[in-house]
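The structure appears below as structure tokens.
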DNA sequence: ACGAAATAGCGTACGTCATACACTATTTCG
DNA sequence: CGAAATAGTGTATGACGTACGCTATTTCGT
């Protein structure tokens, strides 16, 4: 067991270095015919097209025309590779400013770009990687959020908490969206089966009422849209921004109306 | 491939029925010495103690003193079992009213109970199960949220969107918390390694400043607390509730200040 | 220029996983 | 009482991550 632990730790350390270290070519030995970036890109392509379940070391190697074990010359283990894949995918679209200098629209753009990212690479949500393997591009995303709030007169701590608040919301809502809205015909049938069950269950009168009122689009409508929960996301986003705005007012106007 | 698809669909349907159907004993055949509830409970115990990675059909069967394949008499596949585990774990603590009838404190209690649930069973976040396999107890949780908002004069659609907004936030923040705050000593070392990298990276001045200011507790402090991100959660929760409150004001007071 | 050192990729092998399938023993209904 | 249905067992299969030893290649110190 202690051997396993030691190994796990070494792989963790190696994973962090893979994300943050410099990619220097070794001086001696044959020239690599395979790069970390190629591997990560192949992995992303597979995960995008066929889901995380289809992402095996074998599948990646085959796609690249190398043997499975060759990958391990560039990556300590699959978890570390996933971490690199995540950071690579995030890096494909770093946050773009909305253009104006208004924190509210900038934050909204920031949130929507994040939302889109999760929908472009649905496996990002499922990939379970320890937080210590966070990569620089993910930090860059947080940094961008902090930058947006930099001119508002909030303390650093407040800024960080607000960014994490918003990031948490985006992440959670994207998870809901992706869990629910796999519009493959396979999930379709069982989904309507579930709706039938709920619709006949007397324990959930309010939920049922909303079902009947079409608050959830009927599955056949939802299946036609690429982003069926986008409206719900926008709603929550506006609530979140309202909450942030209220907090900023409260912190910058020291109104004398105390207890 | 079409054979696999057909099978996947059948398993999906069976999974939904497992969650929602009635558990009637078959009339003929030997008496079962094993129940679905036992299996799910054993699975929960393993996942709680050793994580989702240690949750194998073999491990569950061994713990119960049966063979691996015996489980498949009660469960179509592992995904469906996970769905039952999730619903069982959620059912262990159904939402409890805060006592007063104020939507704000009731919703806060609701959110905190959800947060606690995720921390009591961290694997709930990792368990990837299709949305169509949502169980009745999870719906009960949403229903409880709707009930809290029932007296506020909002439309059904608004109520649902608010509950999903809050649920999304709780889920996302819990994910952040659990991804980051595995306080096992194994993750510890690589985590501080990451912090070192960030601390020396000129690309993230704002993030670095907050690191230096101790906005993230130093890892050694965080490791001592059972819920190190609880404060951040409460902060975001209050912002979310403020945002909801603002929306309710806007919808119930039809102020004439239009465009 | 040359041997030592280091590395890239390959081939094989192992243990673990979910799960298909055939079998036996048990219970109940017609 | 026999036919039908079911609970649990035993064995087998194919996919997975990855440890280990090998060969071929490149570069450094001499």
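Read-outs: derived from the displayed coordinates by stated rules, not from any lab. These numbers were taken from a predicted model, which means no experiment stands behind them. Using ideal geometry, Cβ is built from the backbone for each residue, glycine included, and neighbour counts are taken over all protein chains shown.
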C-alpha long axis of helix B:78-91 to longest principal axis of chain B, angle in ° = 60
Report, in deg cm²/dmol and to the nearest 500, the calculated mean residue ellipticity at 222 nm for the protein assembly as shown, where each DSSP H run with n ≥ 4 adds -39500 (n - 2.57) and the sum is divided by the residue count.
-> -21000 deg cm²/dmol
Take the Cα radius of gyration of segment B:19-79 and divide it by 2.2 N^0.38 Å, with N its residue count; two decimals is plenty.
-> 1.16
Is the shape of segment A:128-173 rounded, prolate or oblate, going by the alpha carbon gyration tensor and its root eigenvalues a ≥ b ≥ c, with a/c under 1.5 for rounded and a/b larger than b/c for prolate?
-> prolate
Shielding of A:10-20 by other chains, given as the mean Cβ count within 10 Å, works out to 3
Stretchable slack from residue B:209 to residue B:195, in nm (0.36 nm times residue separation minus alpha-carbon distance) = 3.8 nm
If one compares the long axis through the Cα atoms of helix B:136-149 with the longest principal axis of the Cα atoms of chain B, the angle in degrees, nearest 10, works out at 30
Arrange A:125, A:173 by Cβ neighbour counts within 10 Å, fewest through most, would you?
-> A:125, A:173
So, with points 7 Å from each Cα along the Cβ direction, the residue A:14-residue B:62 label distance in nm works out to 2.6
note: chain A, Cα-Cα separations exceeding 27 Å make up a percent value of 53
Most fluctuating residue given options B:161, B:24, B:143, as computed from a GNM of chain B linking Cα atoms under 10 Å | B:24
Work out the mean other chain Cβ neighbour count within 10 Å for the residues of A:236-249 and drop it here as an integer.
-> 6
Between the label point of residue B:230 and that of the same position in each other copy, find the distances and list them shortest first in nm, with every label point placed 7 Å from Cα along the Cα-to-C-beta direction.
-> 4.1
Which whole-angstrom value gives the distance between the alpha carbon centres of segment B:78-107 and segment A:43-60?
-> 34
To the nearest Å, what is the center-to-center distance of segment A:140-194 and segment B:148-170, using C-alpha atoms only?
-> 18
For a quick protection proxy, order the peptides A:29-40, B:201-212 by their average other-Cβ count within 10 Å, most packed first.
-> B:201-212, A:29-40
How far, in degrees from 0 to 90, does helix A:36-50 lean away from the longest principal axis of the Cα atoms of chain A, to the nearest 10?
-> 50
In vacuo Debye scattering of segment A:49-120, one point per C-alpha: log10 I(q)/I(0) at q = 0.17, 0.22 Å⁻¹?
-> -0.74, -0.98
In nm to one decimal, list the spacings between the residue A:63 label point and its equivalents in the other copies, with label points set 7 Å along Cα to Cβ, shortest first.
-> 3.5
If you take the Cα Rg of segment B:1-131 and divide it by 2.2 N^0.38 Å, with N the number of residues, what do you get?
-> 1.23
By the Kirkwood definition, with r running over pairs of different Cα atoms, the protein assembly as shown has a hydrodynamic radius in Å of 24.8
Across peptide B:155-167, what mean number of C-beta atoms from other chains lies inside 10 Å of a residue's C-beta?
-> 6
